[in-house]
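The values are calculated or read from the model by the stated rules, or taken from the named source; none is laboratory data. Because the structure is a prediction, the values reported are computed rather than measured. Glycine also receives a Cβ, built like all others from the backbone with ideal geometry; neighbour counts cover every protein chain displayed.
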Amino acid sequence: MTKFSYGPDWKEREDTNLIVIHSSLTKPNDDDGVEFMRSLHMRQGCVDVGYHYVIRRNGIIELGRPLYAIGNHCKGRDHDSIGICLIGGGNVKGEAKSPDYTAVQMTSLTHLCCYLVRVYPEADVCGHNRTDTSSLCPVFNVADWWAETSYSLKTFNLENRASMFPLLTDTKKNV
């Protein structure tokens, strides 16, 4: 995997067993992205944003930490997980509330998770609240969402249409 020639000296993740979905718990109208999350995490003493991906309200997926690097998003599981943060999920005070994610955010999350489980087939998709029971993040039941999404993909035979979610290594082929 290509490594960045700038920034921190990233420690490489050896295993990937979890894809952890988070919420930024930001206010309903905030459309922050990876730069906001990066500045927030760095003010808290991190060397960079803790997540590998941030999904904005408009559905754009922004890269945080390099995918191969150990994250800083899930205490006790950073060493074997990938972190995805959905912008939103908070009330005007920044407290957890019912999910207010947009349809395009959830579509982007579906596509990103489909891609990642192709790259890391042994990884389980879960919410942060599964690894930290004191957390409400990401304020929706990821297990139910992923079970329904996975079932839908199988029902419509989309798991056999790998070209819909090409791996980065596939881009070297003449397609």
Given (1) part of a loop (DSSP other than H, G, I, E, B); (2) under 20 Å from residue 142 (Cα atoms); (3) in contact with a Gly (Cβ under 9 Å, 6 or more places away or on another chain), residue 82 misses just (1)
Filter pass, residue 14 being surrounded by fewer than 18 Cβ atoms within 10 Å (Cβ to Cβ) and not in a loop (DSSP other than H, G, I, E, B): no
Residue count for the range 25-46, restricted to those that are in a helix (DSSP H, G or I), among the hydrophobic types (A, V, I, L, M, F, W, C) and within 15 Å of the chain's Cα centre (by Cα): 2
Quickly run through the range 118-143 and pick out the residues that are in a helix (DSSP H, G or I) and either surrounded by fewer than 20 Cβ atoms within 10 Å (Cβ to Cβ) or touching a strand residue (DSSP E or B) at 6+ places or on another chain (Cβ under 7 Å) (or both). 118, 119, 128, 130, 131, 142, 143
Go through (1) out of contact with any helix residue (DSSP H, G or I) (no Cβ under 6 Å at 6 or more places or on another chain); (2) farther than 13 Å from residue 82 by Cα; (3) part of a loop (DSSP other than H, G, I, E, B) for residue 59 and report which single condition fails. (1)
Only residues that are of a type outside the set (Val, Ile, Thr) and under 13 Å from residue 19 (Cβ atoms): list them for the range 87-110, please. 109
Working carefully through the options 92, 49, find the one that is part of a loop (DSSP other than H, G, I, E, B), buried (at least 18 other Cβ atoms within 10 Å of the Cβ) and at pLDDT below 90. 49
